[in-house]
Every structure is written in C-alpha cells, then in structure tokens.
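Taking it in order: structure first as structure tokens, then the write-up.
Only the coordinates and a few stated rules stand behind these numbers; no lab work does. Note that this is a predicted model, so its numbers are computed, not measured. Heads up, the Cβs are rebuilt from the backbone with ideal geometry, glycines too, and the neighbour counts pull from every protein chain shown.
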Amino acid sequence: MLNNLRNKLEGLIRKKPTLYWIVHKFVTKFNLFLPHELDFYGLIILYNLFPNKKFKSFIDIGANDGGSILSIRHLKYFGKIEAFEPSSASLSKLLKIAEKDKNLIIYNYGIVSTLKSETLFIPQVQGKLLRSYSSISKVDSLNRITNDLDIEPSLVIFREEKIVLKELDDFHIDPWCIKVDTEGYEAEILMKNLKIIKIKRPILYMEFNFDSSFDSLTQALESIDFGLHQFDLKLEKFIKLNKEKIISRNCFFIPNELIFSDNSY
C-alpha cells in the first residue's frame, strides 16, 4: 500500500515542474523518496546473490546529483561505490556526499560511448536546472522533459558544457553492478565497454529503450550468456522482460550463472 501511494505521489510530482525541482534538489532530506527508484529493492536481492562480492564495486555511470548513491546506501549497502559524472553542475553535490562517505569515489568524467560526443546539454526552466535530464542530445532531453513534466517546450533552454570522456578500462574497476543513467544513451555506452562486461560479468542496471541500439546490446549480451529481466516489486522476484507487459521503466541484464532454472526467482 505504501509503495502504491508513493508511486501516485511521484506521478503527481513529475507533473508539477516546481514541485519536482524542489523534491529532486532536496531528496537527501526526504527519506520518503528513497530509494528514488523502487527497482533498487531488486538490486539488493541481486547483490546478496553475487559471489565473491566483498571487494567489488557498485559502478554509477551518470551519477547526476547522487540519487542512486543515496538510494543504495539507504538500503544498507555499505560496499564500495565508484561514481562517474562529467558535469560540473552536479559535482559539488556529489563531493558533499563523498565527504561523509569514505567508501565512495567520485570521478569527474563521462564514459565513452559509440557516439563519442563531448558536449553535454543541461536543461533549465525559469532559472531552475533540471540536471537529471542532461543529455548529449538536446532533442532527446527535450522529449523526455515534455513526456515526464508538465512544461511548455518553449520554456526549456539549454546550456552547453564540454566534458571529458574515458573508457571504463582506464579505471581498473571490479564491479558487481554497473548502473547506467545517461538519458537515452545507456546502450551505446555499454556496447563500447563490452570487453570489461565480458570479463567481470557484472549485473547491468539501466533504463531501457526499445530501439535499434538496445536491440543490438541485447543480442551482444545474450551471446555472452546474459539474460534480460525486470523486477516485480509485488512478487519480490525477477521475471524475464516481456515487451507486451512492461512493469517498470528499468531493466536488468543478469549473468545467466546467477539465474535459477525457471523463468523467475
């Protein structure tokens, strides 16, 4: 019941731009909104299944202002977090979180994708930054804003920021999970970094888009024995993703060795 109430409240907040901005800005003070995505409950279940995880990291690509970091800490994950955020607009807030979290490392870099864009577009409305909608594409950012928020497109303006991109291999990471939230370009980033995914075999957590890039990523990952799943919060278990019955905006690519023999677990 509480989760249903929260879902309705989140829907209302997303339709009110000023309310959305206030809650997003002060999410650290509103534990009611943590985790900021309910799929994090499923992520913790997967963490407990993962073998030899003591020295492995949760990798947060597109950390923005720390919503995922705060969410997974809220659910009592105390392991290492390595967060990547290229935008200087979000860096100060992340560094404040890191001051109180000695097991958190912040990298002021983006992760290279197949697109190789080095310009980030940061939207704002009436002087209020909507950092969580920052993207390498103005068009994609604007489409997501108008789909989620009750905002007239003409009110959205963008500022540009040059960013520095690196490959995951540059950081010698050992992940149990790679979470990617890059406003529509998650598949391109993961495709560019398939080498480390194949070697380390982490859980991959991302928002899905049923486009050609996502289809290519799915095929590539299935070829190295990853399965595509969603988390059913009501049943508290994972099910294979069914395009005809989407239950969340997020999905998980899970190494087959973590999955039980039936269709859910």
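In nm², what is the average projected area of the convex hull enclosing the Cα atoms of the stretch 84-205? Let's see the in-between values first.
Values: hull surface 32.6 nm².
For the stretch 84-205, the mean projected area of the Cα convex hull comes to 8.1 nm².
Using 0.36 nm per residue of separation minus the Cα-Cα distance, give me the extension gain between residue 148 and residue 41 in nm, one decimal.
On the way: separation 107, 0.36 × 107 = 38.52 nm, distance 2.30 nm.
In short, 36.2 nm is gained.
Put one equal scatterer on each alpha carbon of the chain, apply the Debye formula with no solvent term, and list log10 I(q)/I(0) at q = 0.11, 0.12, 0.14, 0.15 1/Å to two decimals.
Per q value, in the given order, log10 I(q)/I(0) is -0.59, -0.72, -1.02, -1.20.
Considering only 240, 162, 54, give the residue with the highest GNM mean-square fluctuation for the chain, with springs between Cα atoms whenever their separation is below 10 Å.
54
Over the chain, what is the mean sequence separation of C-alpha contacts under 8 Å (at least six apart), divided by residue count, expressed as relative contact order in percent?
Numbers: 425 pairs, mean separation 44.7, N = 265.
Normalised by residue count, the contact order of the chain is 17 percent.
How far apart, in nm, are two points set 7 Å out from the Cα along the Cα-to-Cβ line at residue 256 and at residue 105?
3.2
Please give the contour-minus-distance gain from residue 225 to residue 128: 0.36 nm per residue of separation, less the Cα-Cα distance, rounded to one decimal in nm. Mind dumping the intermediate values first?
On the way: separation 97, 0.36 × 97 = 34.92 nm, distance 4.36 nm.
So the extension gain works out to 30.6 nm.
Report the GluC sites (Glu not before Pro) located in the stretch 153-239 that are in a DSSP loop and have at most 12 other Cβ atoms inside 10 Å of their Cβ, or state none. Provide the component values of the computation, followed by the final result.
Values: sites: 160, 161, 167, 183, 186, 188, 207, 222, 236; in loops: 167, 183, 236.
For GluC sites (Glu not before Pro) across the stretch 153-239 that sit outside H, G, I, E and B with at most 12 neighbouring Cβ atoms in 10 Å, the list reads 236.
Based only on other Cβ atoms within 10 Å, what is the fewest-to-most ordering of 130, 38? List each step's numbers first, then the result.
On the way: 130 21, 38 16.
Sorted ascending by nearby Cβ count, the order is 38, 130.
Provide 182, 119 in ascending order of the number of other Cβ atoms located within 10 Å of each residue's Cβ, fewest first.
119, 182
Grab the DSSP H runs of the chain that are 4 residues or longer, score each as -39,500 (n - 2.57), total them, divide by all residues and round the 222 nm result to the nearest 500 deg cm²/dmol. Write out the running numbers ahead of the final one.
Numbers: 9 runs with 89 residues, N = 265.
Calculated from helices alone, the mean residue ellipticity at 222 nm is -10000 deg cm²/dmol.
Through the Karplus equation 6.51 cos²θ - 1.76 cosθ + 1.60, θ set to phi - 60°, convert the phi angles of the stretch 60-65 into ³J(HN,Hα) values in whole Hz; use x for Gly and Pro.
Here the 3J(HN,Hα) series is 10, 9, x, 5, 6, 9 Hz.
Can you find, among 206, 130, 168, the residue farthest towards the positive end of the dipole of the chain? Put +1 on the C-beta of Lys and Arg, -1 on that of Asp and Glu.
After comparing all options, I get 130.
With r as the distance between the Cβ atoms of residue 54 and residue 74 and R0 = 22 Å, compute the FRET efficiency 1/(1 + (r/R0)^6) and round to 0.05.
Details: r = 21 Å, r/R0 = 0.95.
In this case the efficiency is close to 0.55.
Can you give the FRET efficiency to the nearest 0.05 for residue 118 and residue 237, using r as the Cβ-Cβ distance and R₀ = 45 Å?
Values: r = 41 Å, r/R0 = 0.91.
Calculated transfer efficiency: 0.65.
With +1 on each Lys and Arg Cβ and -1 on each Asp and Glu Cβ, and nothing else charged, work out how big the dipole of the chain is about its Cα centre, in Debye to the nearest 20. Spell out each step's value before the answer.
Values: 37 positive and 34 negative charges, 181 e Å.
It comes to approximately 860 debye.
Treat the stretch 143-265 as a sphere of radius equal to its Kirkwood radius over Cα pairs and apply Stokes-Einstein at 10 °C in a medium of 1.306 mPa s; give the translational diffusion coefficient in µm²/s, rounded to a whole number. If you can, show how the numbers build up before the last one.
Working: Rh = 16.3 Å.
The estimated diffusion coefficient comes to 98 µm²/s.
When 33, 55 are ordered from fewest to most other Cβ atoms inside 10 Å of their Cβ, what list results? Working shown, then result.
Numbers: 33 20, 55 9.
Placing the least packed residue first, the sequence is 55, 33.
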